[in-house]
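The values are calculated or read from the model by the stated rules, or taken from the named source; none is laboratory data. Predicted model, so just to flag it, every value in this text is computed and none were measured. FYI the Cβ positions are ideal-geometry reconstructions off the backbone, even for glycines, and counts take in every protein chain you see. In case anyone asks, the SASA skips ligands and DNA or RNA and just uses the protein heavy atoms, side chains included. Shrake-Rupley method; radii C 1.70, N 1.55, O 1.52, S 1.80 Å.
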Amino acid sequence: MRELAGGEGPGQLVVVATPLGNLGDISRRALALLESADVIYCEDTRHSNKLFSAHAIAVRSRLQSLHEHNEASQCEAIIERVSAGETVVLISDAGTPGISDPGSRVVAAVAAAGLVVTTAPGPSAVIAALSVSGLDTERFVMEGFVARKHGERERLYAQWASEPRTIVFYESPQRLATTLSELAEHFAARRAVVARELTKLHEEVVRGTLEELSAVFSSREVLGEIVVVLEGAGPMPALDEATLRAAIADQLANGMSVRDAVSSVSEELGPSRREAYRIALELRAGQV
Ligand code: SAM
């Protein structure tokens, strides 16, 4: 088994996943990389020091900080180091760097410079939550943190009305109850899972319909880190042609192009695009 990857051969940037909570959730290879890296870029050095102490990794003088406010300006220094043959390790506070965390800019810049970018994969809250959700894991969509503004959230919910894949998003404990209650208004009977404090002392995975979950979380204090996994939309009922025709005619009369009218109606009512397109072209031809 080849475990050591640092300090050998040409330079590389290694994206290393770290635990979500339980400090035991780190691979032997990730630890070896942290031991041998020429430099470790991390979000919050005090936070990562807990991981280093737990595994007796001496990092003094090899730590650099990389967070959302300095990521762009650190790219050049990282490219120089990798070009000079160094092994640069990138970690975030928890989970996988670049996933709703800093890292993707650095990865893009190092890759664009034609240098090696590799990974020591491991925990990520999105995958951990999905894996215990019991919902369909065949196809899913990750939304990151959902928008805070009401209008943006409503637009997102309108998209989710016809999203057939399982939907995963991160949510703060302060906003969980509001989000669940908004979602319950739109999709009361859809199943969802709230995965809280995974791998930690107060780990909790609560499953139910959105209506049930909204009732549970509106009546208690919620703390900790949370991922919500939401069942996708079932197959949309077929629309009769008259309803579809009326909806498209409405959009065309409002000045929309055929393309936009088809997109808007397909998203809202879920008909097959081809059918909607045929009707829109027929209606447009009748208008001229
Ligand atoms: N890059 C990280 C990853 O791959 O998991 C995610 C970083 S994002 C800034 C942090 C969010 O991930 C938290 O606000 C929470 O939504 C989710 N999260 C992180 N740790 C978690 C845990 N132990 N249990 C549940 N959700 C967690």
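Among helices (runs of 4 or more DSSP H) entirely within the stretch 141-258, having at least 3 residues that are modelled with pLDDT of 95 or more and within 16 Å of the ligand (Cβ to nearest atom) singles out 176-187. In the stretch 62-104, the qualifying residues are those that are without any contact (Cβ under 8 Å) to a residue 60 or more places away in the chain and in contact with a strand residue (DSSP E or B) (Cβ under 6 Å, 6 or more places away or on another chain), and the one that is surrounded by the fewest Cβ atoms within 10 Å (Cβ to Cβ) is Leu63. Close contacts from the stretch 272-287, counting a first residue that is in the same structural domain as Asp260 (by TED's automatic domain parsing) and a second that is part of a helix (DSSP H, G or I) and open to solvent by 90 Å² or more (accessible area, probe 1.4 Å), with Cβ to Cβ under 8 Å and a gap of 6+ residues or different chains, come to none at all. One residue stands out in the stretch 110-136 among those that are surrounded by 14 or more Cβ atoms within 10 Å (Cβ to Cβ) and free of Cβ contacts under 8 Å to residues at least 40 places away in the same chain: the one that is nearest to Glu80 (Cα to Cα), namely Ala113. Let me confirm something: among Val107, Val59, which residue is of a type outside the set (Lys, Arg), within 14 Å of the ligand (Cβ to nearest atom) and surrounded by 18 or more Cβ atoms within 10 Å (Cβ to Cβ)? So the residue among Val107, Val59 that is of a type outside the set (Lys, Arg), within 14 Å of the ligand (Cβ to nearest atom) and surrounded by 18 or more Cβ atoms within 10 Å (Cβ to Cβ) is Val107.
Looking only at the stretch 110-140, residues that are over 20 Å from Leu210 (Cα atoms) and within 14 Å of the ligand (Cβ to nearest atom) come to 9 in all.
Cβ-Cβ contacts under 7 Å between residues 6 or more apart (or on different chains), taken from a first residue in the stretch 183-203 that is under 21 Å from Pro164 (Cα atoms) and open to solvent by 50 Å² or more (accessible area, probe 1.4 Å) to a second residue that is β-branched (Val, Ile, Thr) and more than 9 Å from the ligand (Cβ to nearest atom), are listed as Ala189/Thr209; Arg191/Thr209.
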